[in-house]
Amino acid sequence: MNIESLLSQATCEVIDVDGVTGRRGASLGTAWLVSDQGHLLTAAHVVAPLWNVAGAEARVHVRFPTSASGADAPTETASTETTSAETETATTETATFTFAPVHDRAKNLDLAVLQLTTSTTRSALPVVLAAEAEGEVLVCGYGQNTRGWQRTGRGRLVGKAIRGGDSDGWMFQYESPMLVHRGFSGGAVWSVSRNGVIGLQTLAELPESVVVGPGAAGPSAWLDPTAAFAVPLVRMIQDWPDLRALDGLSRQGTCVLIQSADGDARRRAALRDDVVVPVLRELGLELYESQPGDTAEEDLRQLEDAAVVLADISHEDPGVTYELGVAQALGVPDVVIVDAARRPGGASMFQVLELDTSDPAGSRERLAGRLVDVRSVFATLGRADSDNPLTSYFRTPLTQISAANALSLGYLKNFVRPVSQILRRLRHDPGSAHITVGGRRLKPAQIATVTLTVVLPEHLSWAQDDFIAREIAEAGQIVDAVLDDNLSRPRSMKALPPRRGEPLRLLDVFPTTMSAMSDTIEQRVAHLGVGGEETARLRTARDELEAKEIDRFHLRLLDRVRQDTERESGRLMRDVVRVERARAVFPGLDPGLR
């Protein structure tokens, strides 16, 4: 799956089914899936007519591509754009407003958050709360000139723009001949260098200073490059704090390059310096070169912490193959490359990308595309999409048969699934269980929309009862809660203090089962200590491995919730369960506190 496919399957058209605008069935703009719980982001001006008529009771109709992959029958692909036609069998789904649309022209805020009324198996797009970005962007949308067809256009960032004289209202500005049509408003702006969505397209300016956005008619044909603008997602946190939990890509990370010491040193250096290094610089990745020959201890540490691995198998070097196998066993995204002039004969057990050092520009383009696709799929789905013998046999990286993986599975079966089954039954029969929050028993009408949020810690030391009581409960951020259906044992958990008119959110704060991972981490890094002393190297290795294990627990739990197909009272687990990090639920909690 490449970026265009990821964008396509998550992007939908907003349609005026009821004729609120006076044009029944008209396309209003674009929205996109931002969370696995079915949240959609769009520009406020796209859905404002619907809100103005019905307010919070309004139903927004959206239409996704007919296939989950986004490939809708007739497609047309060019070097700078792709299109996909909606077929007559496309289905229309409904969404509701999460809160009132935010449209502040003075501050250049143009945001609406919707939620699908039914569950979805589509993959949400990864988001990056970035204040800086450069290079190429992609935007997928439904321009009125395409008549219901989805189009993905490319552009290039030119920097920040301040409109209206308010420096707090800065926007991302980019140039494109394809993204200026009315209808693209609300589309996700994907940054290739940051490997995720950084903003929401809201308007554009033609060379004649005609504005395409709220209330603008827009051009009728493709034009020369023009300025388009996007509201940065990082500026939306104040209006929608849940965005914090969705930011998983701000840390760019390291690319480990594995090369053999054999062969022509000049060709090897050309592949590295003329192709690999410029691409990594463009994508914001740091380079670590694995030491040729024997696998060093530092190589293994870098492989475990890598964001992606590049393995050059141009020469039959067992060291390269061994380290590539280690990376694939760890589940690190990888790209296997080979010099076109030195490609070994016969079929390869790996998915190989051929690069030609005599054509560095073409090779850079091919490598950048593959790296972005591999990392994007990993960030979105939590797994690599390249074929290799390990995942073909085990169906999963070996690290997913690790403590984090096993603990997440046990936690899901023993706590999350039983609680979710009760909550799903409550949607159908509010009297089938009772909930006590802060010592007060809730009325049936209050519990029909209750959800469970699993709050994961930033550090494993937080998954202790004393930490939860001292740092969160005593601060008044949570209260005790009990869920009891009179069939199984009562489930004790926490809850956010109830607020009038808002659905109750039960919380399992920092699952204590995660603390068991600390022992396995200590065993894996103990050899780095000198005479039992705490060293900077030991602390760094422990911190990096801890972050990895928490991420693995998070990804596996989230994936299991999302993929669970067991229905209870007609609903899926993902309808009532959310998985978030501490920074989203408790933004005031010091993330550096140990």
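With respect to the conditions (1) within 31 Å of the chain's Cα centre (by Cα); (2) crowded, with 23+ Cβ neighbours inside 10 Å, Ser314 falls short on a single one, namely (1).
Conditions tested, residue by residue: (1) open to solvent by 50 Å² or more (accessible area, probe 1.4 Å); (2) modelled with pLDDT under 90; (3) more than 30 Å from Gln328 (Cα to Cα); (4) not aromatic (Phe, Trp, Tyr).
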site: Phe415; (1), (2), (3), (4): no, no, yes, no
site: Ser420; (1), (2), (3), (4): no, no, yes, yes
site: Leu426; (1), (2), (3), (4): no, no, yes, yes
site: Lys443; (1), (2), (3), (4): yes, yes, yes, yes
site: Gln446; (1), (2), (3), (4): yes, yes, yes, yes
site: Leu456; (1), (2), (3), (4): no, no, no, yes
site: Phe467; (1), (2), (3), (4): no, yes, yes, no
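Taking the criterion of being open to solvent by 60 Å² or more (accessible area, probe 1.4 Å) and either free of Cβ contacts under 8 Å to residues at least 12 places away in the same chain or under 21 Å from Leu407 (Cα atoms) (or both), the residues of the stretch 496-511 that qualify are Arg499, Arg500, Gly501, Glu502. Output the number of residues of the stretch 1-27 satisfying the condition of being in contact with a Ser or Thr (Cβ under 9 Å, 6 or more places away or on another chain), in a loop (DSSP other than H, G, I, E, B) and closer than 15 Å to Ala54 by Cβ. Going through the stretch 1-27 one residue at a time, the tally reaches 1. A single member of Ala73, Ala85, Ala131 is open to solvent by less than 30 Å² (accessible area, probe 1.4 Å) and at pLDDT below 90, and it is Ala85.
Residue-by-condition table, conditions (1) under 25 Å from Val372 (Cα atoms); (2) of a type in the set (A, V, I, L, M, F, W, C):
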residue: Glu289; (1), (2): yes, no
residue: Glu297; (1), (2): no, no
residue: Glu304; (1), (2): yes, no
residue: Ala307; (1), (2): yes, yes
residue: Asp312; (1), (2): yes, no
residue: Gly319; (1), (2): no, no
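Here Ala340 meets the list (1) over 17 Å from Val256 (Cα atoms); (2) small (Gly, Ala, Ser); (3) touching a residue at least 40 places away in the same chain (Cβ under 8 Å) almost entirely, failing just condition (3). Looking across Leu390, Leu355, Leu371, one residue alone is more than 27 Å from Val192 (Cβ to Cβ), hydrophobic (A, V, I, L, M, F, W, C) and at pLDDT 70 or above. It is Leu390. Counted as qualifying within the stretch 447-551 are the strands (runs of 3 or more DSSP E) with 2 or more residues that are out of contact with any His (no Cβ under 8 Å at 6 or more places or on another chain) and more than 18 Å from Ala245 (Cα to Cα), namely 479-484, 491-495. Of the residues examined, Val197 is one that is assigned to a strand (DSSP E or B) and at pLDDT 90 or above.
The values are calculated or read from the model by the stated rules, or taken from the named source; none is laboratory data. Keep in mind that this is a model prediction, so the values were computed, not measured. Please note: Cβ atoms are built from the backbone with ideal geometry, for glycine as well, and neighbour counts cover all protein chains shown. Accessible surface areas use protein heavy atoms only, side chains included; no ligands, DNA or RNA. Shrake-Rupley method; radii C 1.70, N 1.55, O 1.52, S 1.80 Å.
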